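*Asks:* Sharing a structure with you now.
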Amino acid sequence: MRTGNRQSGITMWGLMVVAAVGAFFVFLALKLIPAYINNADVKADLASLASQPNAATMTLYQIHDSLSRRFEIDSVSHVNLRTDLHVTQPNPGGPQIVQVAYEVRVPLMYNVTALLDFNDTVQLGAK
């Protein structure tokens with residue numbers, strides 16, 4: 001019967017593979033997190049717009065102006081309100097629905113790009 005110490009652990013190559021996979025996910029997080037933080041600001045600005053007392057009676061111009069000021073204060077980038085802002089009123093006399101839908105392209109490396117698609121909606125004047 002053999003009673004030697006049994007070796008255990010990870011080899012150098014195994015450690016390098018685990019480190020490379022970990023580094024890849026850290027790299028992705030560092031590249032993509034700013035876009036998600038930017039989207040959180042957009043959601044907060046839309047919620048702030050909806051909480052205004054006169055939100056139910058705002059015109060498209062007033063909504064655009066209010067959001068553009070809020071986006072400038074919060075340093076929101078990637079949003080072009082002229083093309084990405086959509087205001088609809090499904091029922092006449094009902095609440096308005098404000099939607100900001102936009103895409104963010106994040107270059108990762110060489111010709112590899114991540115495309116993030118955001119679509120945020122808020123209802124104005126809900127009773």
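*Asks:* Which trypsin sites (Lys or Arg not before Pro) from the range 1-86 combine a DSSP loop assignment with at most 16 other Cβ atoms within 10 Å?
*Replies:* Passing sites in the range 1-86 are ARG2, ARG6.
*Asks:* Pick out which of VAL100, VAL26, VAL18 has the largest mean-square fluctuation in a Gaussian network model of the chain, springs linking Cα atoms closer than 10 Å.
*Replies:* VAL18
*Asks:* Here is a further query. If you filter the range 50-111 for chymotrypsin sites (Phe, Trp or Tyr not before Pro), then keep DSSP loop positions with at most 16 other Cβ within 10 Å, what is left?
*Replies:* Passing both the DSSP loop test and the Cβ count: TYR110.
*Asks:* Determine the share of the range 43-127's accessible area contributed by carbon and sulfur atoms, expressed in whole percent, with a 1.4 angstrom probe. Spell out each step's value before the answer.
*Replies:* On the way: 2800 of 5510 Å².
The nonpolar share, carbon plus sulfur, comes to 51 percent.
*Asks:* Give the whole-number value, in cubic angstrom per residue, of the convex hull volume spanned by the C-alpha atoms of the range 14-127.
*Replies:* Cα-based convex hull of the range 14-127, divided per residue, equals 133 Å³.
*Asks:* Any chance you could give the angle, 0 to 90 degrees and rounded to 10, that helix 12-50 forms with the longest Cα principal axis of the chain?
*Replies:* Once rounded, the angle reads 10 degrees.
*Asks:* What number comes out for accessible area per residue over the chain if the probe is 1.4 Å? Units Å², please.
*Replies:* 73
*Asks:* Separate question: For the chain, with a Gaussian network of springs between Cα atoms less than 10 Å apart, report the residue from VAL104, VAL17, VAL42 with the top mean-square fluctuation.
*Replies:* Evaluated over the chain, the most mobile residue of the options is VAL17.
*Asks:* To continue, here is another question. Could you give the angle, 0 to 90 degrees to the nearest 10, between helix 60-73's Cα long axis and the longest principal axis of the Cα atoms of the chain?
*Replies:* 40
The values are calculated or read from the model by the stated rules, or taken from the named source; none is laboratory data. Computed from a predicted structure; not experimentally measured. Please note: Cβ atoms are built from the backbone with ideal geometry, for glycine as well, and neighbour counts cover all protein chains shown. What goes into the accessible areas is simple: the full protein's heavy atoms, side chains included, and nothing from ligands, DNA or RNA. Shrake-Rupley method; radii C 1.70, N 1.55, O 1.52, S 1.80 Å.
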